[in-house]
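The values are calculated or read from the model by the stated rules, or taken from the named source; none is laboratory data. Predicted, not measured: the structure shown is a model, and the values here were computed from it. Because the Cβ atoms are built from the backbone with ideal geometry, glycine has one as well, and the counts that use them run over all protein chains shown. Protein only, heavy atoms only, side chains kept; ligands, DNA and RNA dropped before computing areas. Shrake-Rupley method; radii C 1.70, N 1.55, O 1.52, S 1.80 Å.
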Amino acid sequence: MSRRFKKPLAKSRAPGDRPKGAHPYRGSQAERPQAHRPGGKPPARFSAPRVAKPAPFIPEPEKIAAEPPPLPTKVQTVVVTADENGMRVDRFLEARFPGLSFSHIQRVVRKGELRVNGKRADSKDRIEEGQSIRIPPLKLDTPKVAGHLSEAEAKTLQALKDMILFEDADVMVLNKPAGLAVQGGSGTTRHVDQMLEVMRDAKGQKPRLVHRLDKETAGCLLVAKTRFAATALTGSFRHRSARKIYWALVAGVPKPKQGRISTYLAKEESEDDTIMRIAAHGDEGASHAVTYYAVVETSAQKLAWVSLKPVTGRTHQLRAHMAHIDHAIVGDPKYFNKENWELPGGLQKRLHLLARRIVIPHPRGGVIDATAPLPPHMLQSWNLLGLEADRFDPIENAPEE
C-alpha cells in the first residue's frame with residue numbers, strides 16, 4: 001500500500017497545455033504544488049511516518065532453477081506469453097536466450113531475421129501476448145575460461161569487480177562510473193554489456209543487464225547472473241516493485257521544496273540529437289511519466305541538491321522533468337536551458353546525476369538494497385558547496401506510486 005500526503009498537492013493545468021509558442025521545458029509545471037504565501041497554509045509535504053528499512057537479503061534454501069532451453073539450430077516460431085506482454089523485442093530475446101550478445105541480437109533484428117506476426121520488427125518495438133515470433137538459428141559466443149583470459153580481458157574483469165556494490169550467485173549491483181556507456185551504439189567501443197563478456201560461465205551464460213542508465217549518469221546498475229534471476233528482476237521492473245532513488249544538483253531551488261511532476265514524454269529526433277520533449281496526452285509516441293522530487297539542501301539559493309524518485313522509467317525522464325520545472329540538472333548537455341547562467345567556480349561541467357540507491361525484491365526471497373557513493377565530480381561539488389552527504393533524505397517519505 002503506498003504512503004500518502006497528509007494533504008493532496010494542488011494541480012496546475014494538464015500536461016502539454018502550455019501557452020502557444022512556449023519553450024517545451026518552460027511554462028506549465030504539471031501537477032506542481034503551489035508555493036507557500038504569507039498568511040496562507042503551508043504546502044503539503046512528504047509527511048507520512050518513516051517506514052522501517054526492508055530486511056536485508058537472507059538466502060532461503062536453494063531452489064533449483066530450470067535450465068534455459070537450448071538455442072534454436074533452425075528456424076522456430078514461438079508465441080508471446082502473458083509474462084512477456086509489453087516487453088521490447090531485444091529484451092524478449094535476452095530473456096528467452098540468456099548469453100546472447102547485444103551485438104548478435106541487434107544483428108538478427110536489423111537483418112529482418114526475426115519477425116513478429118510475419119513482419120519485420122525494430123529492437124525497441126513492444127510485443128503483445130499471443131503474437132507469433134519467428135526466431136532464426138542462434139548461437140552463443142565462445143565461453144571465456146577464467147584461466148585463459150588475455151591481459152586486456154583480465155583488466156576488464158578486474159574493472160568490473162572494482163565496481164561491485166553487491167553480489168551473490170544470482171545478482172550483481174555495479175557502481176557504474178559516469179562516462180561509461182551501458183550498451184553499444186554509434187561510435188561506442190567500450191560499454192558495460194561488452195565488458196560482461198569476460199564473465200561468461202562454462203555453459204556460455206553471460207550476466208545480463210536488467211535496466212539501463214544514461215552514459216553520463218553514475219551509480220547503481222543491476223545485473224542478473226542467471227536466467228532465473230533475469231526473469232524475476234525484469235518482472236519486478238515491469239510491475240514497478242523496484243524502488244530507485246537518484247541524487248542531482250540542479251540550478252535554482254524548486255518551490256515548493258517537495259512535489260510531484262507528471263507529464264507525457266515523447267521522443268524528438270533530429271539529424272544531430274535525440275531528446276525527450278514534453279507532450280500532450282494522445283500525442284504519437286507519448287508515454288506518461290511521473291517523478292517525485294524533494295530538496296535535501298541548498299547553496300545560496302543558486303543551487304539545490306535534489307533527491308528524485310521516478311515512478312515510471314522513461315528515457316531521460318529525470319533530466320527532462322527537472323528542465324520542465326525550470327530547474328535543469330547541472331552539467332546536462334541536452335536539457336540545461338537556462339540562459340546567461342554561469343557554473344559556480346570549481347564545479348565541473350559534467351552531468352550531476354547519481355543513481356543513488358536501488359531496492360528490489362531478491363529472486364530467491366528477501367530484498368536487495370544497494371547504495372552508490374557520490375562519483376568524484378559530484379563529491380568535489382558537494383565539498384565545494386559545503387553540502388553534507390549524510391543528511392536525511394526526505395524522498396524516503398514520498399509515495400510509491
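Compared with the direct C-alpha span, the chain from Gln380 to Gln183 gains 68.2 nm at full extension, assuming 0.36 nm per residue.
Solvent-accessible surface of protein heavy atoms, probed at 1.4 angstrom with all chains present, puts Tyr264, Tyr293 in the order Tyr264, Tyr293, largest first. On the basis of the beta-carbon distance and an R0 of 45 Å, Arg88 and Phe392 show a calculated FRET efficiency of 0.75. The 3J(HN,Hα) values that the Karplus relation (6.51, -1.76, 1.60; θ = phi - 60°) gives for the range 386-393 are, in residue order, x, 7, 9, 5, 9, 5, 5, 9 Hz. Gly and Pro appear as x. For the pair Gln106 and Glu401, the difference between a 0.36 nm per residue extended length and the Cα-Cα distance amounts to 102.8 nm. Need one word for the range 224-334: rounded, prolate or oblate. Basis is the Cα gyration tensor (sqrt eigenvalues a ≥ b ≥ c); a/c below 1.5 gives rounded, then a/b vs b/c decides. Oblate, since a/c reaches 1.5 and b/c is not below a/b. Were the residues from Lys119 through Lys203 laid out at 0.36 nm apart, the gain over their Cα-Cα distance would be 27.0 nm.
Placing unit charges on each Cβ (+1 for Lys and Arg, -1 for Asp and Glu) gives the range 264-401 a dipole about its Cα centre, and among Thr298, Pro361, Gly282 the Cα reaching farthest toward its positive end belongs to Pro361. Of the trypsin sites (Lys or Arg not before Pro) found in the range 145-206, those that fall in a DSSP loop while having at most 13 other beta-carbon atoms within 10 Å are Arg190, Lys203. Cα convex hull, the range 257-301: 106 Å³ per residue, rounded to a whole number.
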